[in-house]
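Only one structure is covered here, and it is reproduced in the block below.
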Amino acid sequence: MHARECPHCASATAHTRLVFGEGNADAELVFIGDAPTEAEDQLGKPFVGRAGDKLNEMISAMGLTRDDVYVANVLKSRTPENRTPLPQEIERCGPYLLAQLAIISPKAIVTLGGPATKLMLASELGITRLRGVTANIRIGAAAGEPVDVPVMPTLHPAYLLRNYTPETRMQVWEDLKKVLAILGRPVPQRK
């Protein structure tokens with residue numbers, strides 16, 4: 001349905017294939033990024049390459065595996081030159097992500113970076129203002145009984161790689177520990 005009807009993806013031309021999402025369809029935790037990169041477009045999988053490796057490290061630090069979670073992007077097709085998604089692209093593709101979330105019905109969502117956070121929280125504030133503060137959103141109203149789900153905005157793994165400082169690493173780790181608390185999971189001991 002998405003490939004056929006999404007006003008953004010049906011008219012986008014910069015992609016080879018759609019990158020719908022990947023992972024456990026019954027996941028307690030969903031990670032959401034902004035749009036597929038060229039590498040993701042080629043493989044048809046979200047979060048591959050260096051940013052994907054960093055996301056995998058983040059998931060592993062939480063005591064989880066990539067098979068335990070679901071990973072998706074707001075846009076399902078690559079933007080030209082891997083640019084940041086435009087507001088109108090997010091508006092067109094966003095409802096399909098919300099439908100995905102209604103099906104998965106996670107217990108928590110982590111938004112990675114500004115575009116995903118702005119969509120999920122319906123906010124114009126930047127990620128540096130929103131990160132680290134949990135907000136609840138309602139999903140699934142169109143499919144029946146709506147569910148309130150906590151959303152934790154944090155820094156995108158690609159940003160973390162470009163700004164790999166003790167401060168940014170600690171910010172992301174603190175955000176992820178809050179998500180573990182929401183899920184009722186212990187914080188793994190670091191080795």
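Contact map, region 62-85: residues that are closer than 23 Å to L121 by Cβ paired with residues that are among the aromatic types (F, W, Y) and in a loop (DSSP other than H, G, I, E, B), Cβ distance under 6 Å, separation 6+ or inter-chain. Pairs shown: V71/F47; K76/F20.
Scanning region 72-89 for residues that are charged (D, E, K, R) and out of contact with any Phe, Trp or Tyr (no Cβ under 7 Å at 6 or more places or on another chain) yields R78, E81, R83, E89. Residues to consider are L112, L43, L29, L97; find the one that is among the aliphatic types (A, V, I, L, M) and without any contact (Cβ under 8 Å) to a residue 60 or more places away in the chain. L43 is the lone residue from the list that is among the aliphatic types (A, V, I, L, M) and without any contact (Cβ under 8 Å) to a residue 60 or more places away in the chain. Against the definition (farther than 29 Å from K177 by Cβ and either outside any strand (DSSP E or B) or in contact with a strand residue (DSSP E or B) (Cβ under 7 Å, 6 or more places away or on another chain) (or both)), how does A39 come out, yes or no? Against the criterion (farther than 29 Å from K177 by Cβ and either outside any strand (DSSP E or B) or in contact with a strand residue (DSSP E or B) (Cβ under 7 Å, 6 or more places away or on another chain) (or both)), A39 qualifies.
Looking at region 78-104, which of the residues that are touching a Pro at 6+ places or on another chain (Cβ under 7 Å) and modelled with pLDDT under 85 is farthest from V48 (Cα to Cα)? Selected residue: R92.
Counting only residues that are modelled with pLDDT of 90 or more and in contact with a Gly (Cβ under 7 Å, 6 or more places away or on another chain), which one in region 3-38 is nearest to E89 (Cα to Cα)? Per the stated criteria, the residue is D34. Of the listed requirements (1) surrounded by 15 or more Cβ atoms within 10 Å (Cβ to Cβ); (2) modelled with pLDDT of 95 or more; (3) more than 16 Å from the chain's Cα centre (by Cα), G140 misses just one: (2).
Within region 46-57, restricting attention to residues that are touching a residue at least 60 places away in the same chain (Cβ under 8 Å) and within 13 Å of the chain's Cα centre (by Cα), the residue that is nearest to P188 (Cα to Cα) is L55.
So which of R162, R169 is over 15 Å from the mean Cα position of the chain (by Cα) and surrounded by 13 or more Cβ atoms within 10 Å (Cβ to Cβ)? The match here is R169. Consider region 90-130 and keep the residues that are in contact with a helix residue (DSSP H, G or I) (Cβ under 9 Å, 6 or more places away or on another chain) and among the charged types (D, E, K, R). The one that is farthest from T79 (Cα to Cα) is K107. Filtered by the rule that a residue be under 22 Å from R169 (Cβ atoms) and outside any loop (DSSP other than H, G, I, E, B), region 26-36 gives L29, F31, I32, G33. Can you find a residue in region 67-74 that is of a type in the set (S, T, Y), buried (at least 16 other Cβ atoms within 10 Å of the Cβ) and modelled with pLDDT of 85 or more? Looking through region 67-74, at least one residue is of a type in the set (S, T, Y), buried (at least 16 other Cβ atoms within 10 Å of the Cβ) and modelled with pLDDT of 85 or more.
The values are calculated or read from the model by the stated rules, or taken from the named source; none is laboratory data. Computed from a predicted model, the values in this text were never measured in an experiment. Note that we place each Cβ from the backbone using ideal geometry, even for glycine, and neighbour counts take in every protein chain shown.
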